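Novice: The structure under discussion is supplied below as structure tokens; questions concerning it will follow.
The values are calculated or read from the model by the stated rules, or taken from the named source; none is laboratory data. Note that the coordinates shown come from a computational prediction; the quantities given were computed from them, not determined experimentally. Methodologically, a virtual Cβ is constructed for each residue, glycine included, from the backbone with ideal geometry; neighbour enumeration extends over all protein chains shown.
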Amino acid sequence: MGRSGLRLRLAGVWLSVVVCAAVFAPLISPQDPLAQDLFLERLPPFWIDGAEPGHPLGTDSLGRDVLSRLIHGSRIALTVAILAGLAACLAGSAVGLAAGFLGGWTDRVVGRVIDVWMSFPPVLFAILLVAVLGTGLHSVIIAIAVIDWTRFARVVRAETLGQTRMDYVASAVVAGRGRFGILAAEVLPNVLPLIVALLSLEMGIAVIVEAILSFVNLSISSDAPTWGGMIAEGRTQIHFAWWVLVFPMIALFLTVLALTQFGEGLRDRFDPVFR
Amino acid sequence: MTDALISARGVSLSLPDLNAKRWFGPGPMVEILKGIDLDLPRGEVTGIVGESGSGKSTLGRCLIRLRAPTSGRILFEGVDITHAGRAELAPHRRDLQMVFQDPMSSLNPRHRIRRIVEGPLRVNGFDDAKERAAEALDRVGLPAEVADRHPHQLSGGQRQRVGIARAVALRPKFILADEMVSGLDVSTQAGILRLLERLVSDLGLTMAFVSHDLGVVRHLCSRVAVMREGGIVEQGAVEDIFDRPRHPYTASLKEAAPLPEIDPGWIKSGAD
């Protein structure tokens, strides 16, 4: 417990808020996130004079409810975080495990490919990929996985390499275990905590990348409520309606922070070796 | 030497020199082992001594085929296992066991002791792995509740006993002990050595004891091979080698070893 317990708890509380918002979005949103009402445009949040009771966090320049859009935006953010994070994690970890465990030419080829891959500027790479694949949630997820598998591959490879040199691996060879058995039963459990921590970090990054792509209008349709899209719209309104920009930024910031902290907190708490 | 359990004949090992690695083509090689002939007689403990870097641990790992030598032959009970693959080695694996120097590294930190000791038994097809593991832990003097702990929850001596239990549980014919007491403090060391002596006589084990500690080797081993720079400079019965070293290197190793002799001067000055 102590510090890591508090961290885990705070991160967990915010993540459950986001998950609940995503799951029950149609039930808890005060308004339809797409409904425009030009008579109610740029209403301020509830504590400022001129607010309307049905719009607690105000409305944007088209009169759409900010809170409802935030709540529906969490669905897209979470979908991307989970699917893109898992895809990048599975692909990158598999490659990293293979390279670190097999060594030799497999390792050399993988190392070179990662070096080349990582030398592309990631955001430009993502924009290019989405431009080729076409906009839409699935292209965003594919783009993130295609770019960020290297993040896993590199770190998992290094950790696997270190673990494979430990004597418990030699000891399993002496016991007569096969290579695949050693990888699965001896090495993997020692690399897994790292993979989990990386996964939560990657989920945070995926949320940011989705926001960036929404910001440049390359995610899903510009009408759809995404946090990045809201930030992009809010940017143009900053002098008249700051809340359109600030609330999605806070949501984005807290969610990314919670995801990274949750991963580290989990490791500290449930890893028998670190405890 | 007809009654050798394991024999090495002209065993050599060369590895690429990583410090002089070239960009293209094969780099220069370093000779780790140079044509080693060694017989490990059945039921005896053979010490393999030498300074660090002399190749004694590498030789040990070749003897149990954790590594394959570049050339030469390794015979186990007369069978050539030099180039045996995993499938051909499988029937011999339970007989060729090893206890490692650093139990912190050789015991998987994520597994409980029960799994660490039972694992090799299951791999080798023992149906009664649970009973054999419990018996092995008891035999090395560990209480039964240790089975539910993780390695980092044990003391250094207990961890080394787990390493011994894992090897002994398979009832092997041969155990390679690689510097297995050098990481332990002296009193723990003594306990482990007594345990080894008992295991060797109770189970009729043949053992190779790799160490740089001549005192321990003299105490535990009946035969000894002295290594230097990848070759064996001298081998034979432990008394012959230690009391009448023929090779100057053996004599200088002996000189370098600290002897448990008390200088009367120390006691005098301490009393003043």
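Novice: So for segment A:158-168 (the condition being buried (at least 18 other Cβ atoms within 10 Å of the Cβ), under 18 Å from the mean Cα position of the chain (by Cα) and touching a residue at least 40 places away in the same chain (Cβ under 8 Å)), does at least one residue qualify?
Specialist: Within segment A:158-168 (the criterion being buried (at least 18 other Cβ atoms within 10 Å of the Cβ), under 18 Å from the mean Cα position of the chain (by Cα) and touching a residue at least 40 places away in the same chain (Cβ under 8 Å)), the answer is no, since none of the residues qualifies.
Novice: Among the residues in segment B:82-89, are any of a type in the set (Asp, Glu) and either within 27 Å of B:GLU197 (Cα to Cα) or surrounded by 18 or more Cβ atoms within 10 Å (Cβ to Cβ) (or both)?
Specialist: no
Novice: Would you check which residues across segment A:36-48 are surrounded by 13 or more Cβ atoms within 10 Å (Cβ to Cβ) and hydrophobic (A, V, I, L, M, F, W, C) and list them?
Specialist: Narrowing segment A:36-48 to residues surrounded by 13 or more Cβ atoms within 10 Å (Cβ to Cβ): A:36-37, A:40-46.
Result: A:LEU40, A:LEU43, A:PHE46.
Novice: Take B:ASP128 and tell me if it is under 30 Å from B:ARG9 (Cα atoms) and more than 11 Å from chain A (Cβ to nearest Cβ).
Specialist: Answer is no for this residue.
Novice: Out of A:LEU86, A:LEU78, which single residue is within 20 Å of A:VAL191 (Cα to Cα), of a type in the set (A, V, I, L, M), in contact with a helix residue (DSSP H, G or I) (Cβ under 9 Å, 6 or more places away or on another chain) and part of a helix (DSSP H, G or I)?
Specialist: On the way: A:LEU78 fails: within 20 Å of A:VAL191 (Cα to Cα).
Being within 20 Å of A:VAL191 (Cα to Cα), of a type in the set (A, V, I, L, M), in contact with a helix residue (DSSP H, G or I) (Cβ under 9 Å, 6 or more places away or on another chain) and part of a helix (DSSP H, G or I) holds for just one of A:LEU86, A:LEU78, which is A:LEU86.
Novice: Pairs needed: first member in segment A:84-103, of a type in the set (S, T, N, Q); second member anywhere, buried (at least 24 other Cβ atoms within 10 Å of the Cβ); C-beta distance under 6 Å; at least 6 residues apart or different chains.
Specialist: Within 6 Å, the pairs are A:SER93/A:PHE152; A:SER93/A:VAL156.
Novice: Report whether or not A:ARG235 is surrounded by fewer than 22 Cβ atoms within 10 Å (Cβ to Cβ), out of contact with any Lys or Arg (no Cβ under 6 Å at 6 or more places or on another chain) and under 30 Å from B:ALA90 (Cβ atoms).
Specialist: On the way: surrounded by fewer than 22 Cβ atoms within 10 Å (Cβ to Cβ): yes; out of contact with any Lys or Arg (no Cβ under 6 Å at 6 or more places or on another chain): yes; under 30 Å from B:ALA90 (Cβ atoms): no.
Considered against the rule, which asks whether it is surrounded by fewer than 22 Cβ atoms within 10 Å (Cβ to Cβ), out of contact with any Lys or Arg (no Cβ under 6 Å at 6 or more places or on another chain) and under 30 Å from B:ALA90 (Cβ atoms), A:ARG235 comes out as no.
Novice: Note down all Cβ pairs under 7 Å where the first residue falls in segment A:176-194 and is farther than 21 Å from B:GLY85 by Cβ and of a type outside the set (Val, Ile, Thr), the second is at pLDDT below 90 and not in a helix (DSSP H, G or I), and they're at least six residues apart or on different chains.
Specialist: Pairs found: A:PRO193/A:ASP271.
Novice: A follow-up question, please. Anything in segment A:191-200 that is within 12 Å of chain B (Cβ to nearest Cβ) and of a type outside the set (A, V, I, L, M, F, W, C)? List them, or say none.
Specialist: A:PRO193
Novice: Let me ask another. Condition check: surrounded by fewer than 17 Cβ atoms within 10 Å (Cβ to Cβ) and not in a loop (DSSP other than H, G, I, E, B). Does A:ALA94 satisfy that?
Specialist: For A:ALA94, the condition - surrounded by fewer than 17 Cβ atoms within 10 Å (Cβ to Cβ) and not in a loop (DSSP other than H, G, I, E, B) - is met.
Novice: While we're here: Within segment A:1-31, which residues are more than 21 Å from A:MET203 (Cα to Cα) and surrounded by 13 or more Cβ atoms within 10 Å (Cβ to Cβ)?
Specialist: Listed by number, the residues that qualify are A:SER29, A:PRO30, A:GLN31.
Novice: Return the total of residues in segment B:102-114 being of a type outside the set (Gly, Ala, Ser) and either closer than 12 Å to B:ARG132 by Cα or within 8 Å of chain A (Cβ to nearest Cβ) (or both). Break it down stepwise before answering.
Specialist: At the first step, the residues of segment B:102-114 found to be of a type outside the set (Gly, Ala, Ser) are B:102-104, B:107-114.
Now drop any that are not either closer than 12 Å to B:ARG132 by Cα or within 8 Å of chain A (Cβ to nearest Cβ) (or both), which leaves B:102, B:107-111, B:114.
Residues flagged as of a type outside the set (Gly, Ala, Ser) and either closer than 12 Å to B:ARG132 by Cα or within 8 Å of chain A (Cβ to nearest Cβ) (or both) within segment B:102-114 amount to 7.
Novice: Name, by its number, the condition in (1) surrounded by fewer than 17 Cβ atoms within 10 Å (Cβ to Cβ); (2) in contact (Cβ under 8 Å) with a residue 40 or more places away in the chain; (3) small (Gly, Ala, Ser) that does not hold for A:GLY73.
Specialist: Among (1) surrounded by fewer than 17 Cβ atoms within 10 Å (Cβ to Cβ); (2) in contact (Cβ under 8 Å) with a residue 40 or more places away in the chain; (3) small (Gly, Ala, Ser), A:GLY73 violates only (1).
Novice: May I pose another question? Quick one: B:VAL140 ticks every box in (1) under 28 Å from B:VAL181 (Cα atoms); (2) away from chain A (no Cβ under 13 Å); (3) surrounded by 15 or more Cβ atoms within 10 Å (Cβ to Cβ); (4) in contact (Cβ under 8 Å) with a residue 60 or more places away in the chain except a single one, so which number is it?
Specialist: (4)
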